[in-house]
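See structure below.
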Amino acid sequence: ALAASGDGWQSGLDSSTPALTLLDEALAAVPTAPSGLRARLLARRAVAASHLRPAADLVADLDEAAAIAGATGDGTAVAEGLVARLHLDQDPLARDRRTATASRLLARAEEAGDEGWAASAEVALAGVAAQGGDVDGALGLLERAGRRPTRVATAARGGHDRLEATARRDLAGALAAIDATSEAIRPLMTDPSAAALTRWAQRGVVLLAHDR
């Protein structure tokens, strides 16, 4: 179930996607006693269902995952729970909360030497910086994440190019960066609609930034 649901923010619009079905079945099959595996499954389901199920259900999964990971002391479960929370918590008015979550993940990544967790934290911190008006800081974080040998780097490089083009009011360049990134991440996605959904959302934000 974990392998089938992939990593990163992979969520499509197909409620019958095998990845989500497998996560539901796995959670029904594993013991309800606290375990790192159960925490990881809950965190992953929250991400996989993020465009399909009520927000309250997603938060409940994330909170249960965090409680279990904390109780068991499973470092991988803690980190994956933080990654999932960063994907789902996109509130532009909660920058302090998101910064705290990303900083915890970055500390865990440095402790474990995990490049993927570090890149995820840096991408999240870049988003917070950009929303706060610190474009140069955001570009620096995205550049750093884009150099890491991890699959997150592809999205980070695309985010860097998109933000850089948007900052110089280059709408065509920003849209080209979105299209290029969408094509690059498509083979990494478990659901074909996920890349299209990401492209649609990013185009909407960029068009709004350019008053279109």
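A simple spin-label model places the labels of Ala180 and Arg147 1.9 nm from each other, with each point 7 Å out along Cα-to-Cβ.
Remark: the Ala94-Ala112 segment gains 3.8 nm on full extension, using 0.36 nm per residue and subtracting the alpha carbon distance.
Both radii are taken from the alpha-carbon atoms of segment 1-159; with Rh as the Kirkwood radius, Rg/Rh is 0.97.
Solvent-accessible area of segment 155-212 (1.4 angstrom probe, protein heavy atoms only): carbon and sulfur portion equals 59 percent. When the Gaussian network model of the chain links Cα atoms closer than 10 Å, the mean-square fluctuations of Ala69, Ala107, Ala48 top out at Ala107. If you run the Gaussian network model on the chain, springs between alpha carbon atoms under 10 Å, then out of Leu20, Leu41, Leu93 the most flexible one is Leu93.
Shown is the FRET efficiency for Leu188 and Arg104, computed with R0 = 22 Å from the Cβ-Cβ distance and rounded to the nearest 0.05: 0.30. With the simple model of a label 7 Å out from the Cα in the direction of the Cβ, Ala33 to Ala209 spans 5.0 nm. Please report the spacing between the Cα centers of segment 36-93 and segment 117-186 in Å, no decimals. One Cα centre to the other: 24 Å.
Computed from the Cβ-Cβ distance with R0 of 45 Å, the FRET efficiency linking Glu25 to Arg169 stands at 0.40.
Shown in residue order for segment 169-186 are the 3J(HN,Hα) couplings computed by the Karplus curve 6.51 cos²θ - 1.76 cosθ + 1.60 at θ = phi - 60°: 6, 9, 4, 4, x, 5, 5, 5, 5, 4, 5, 5, 5, 4, 5, 5, 8, 3 Hz (x for Gly and Pro). For segment 104-191, a Kirkwood radius taken over Cα pairs fed into Stokes-Einstein (37 °C, viscosity 0.692 mPa s) yields D = 248 µm²/s.
Computed from point charges on the beta carbon alone (+1 for Lys and Arg, -1 for Asp and Glu), the dipole magnitude for segment 38-170 about its Cα centre is near 260 Debye.
The values are calculated or read from the model by the stated rules, or taken from the named source; none is laboratory data. These figures come from a predicted structure and were not determined experimentally. Quick reminder, even Gly has a Cβ in these numbers, built from the backbone with ideal geometry, and neighbours come from all protein chains shown. We work out accessible area using only protein heavy atoms, side chains counted, and drop any ligands, DNA or RNA first. Shrake-Rupley method; radii C 1.70, N 1.55, O 1.52, S 1.80 Å.
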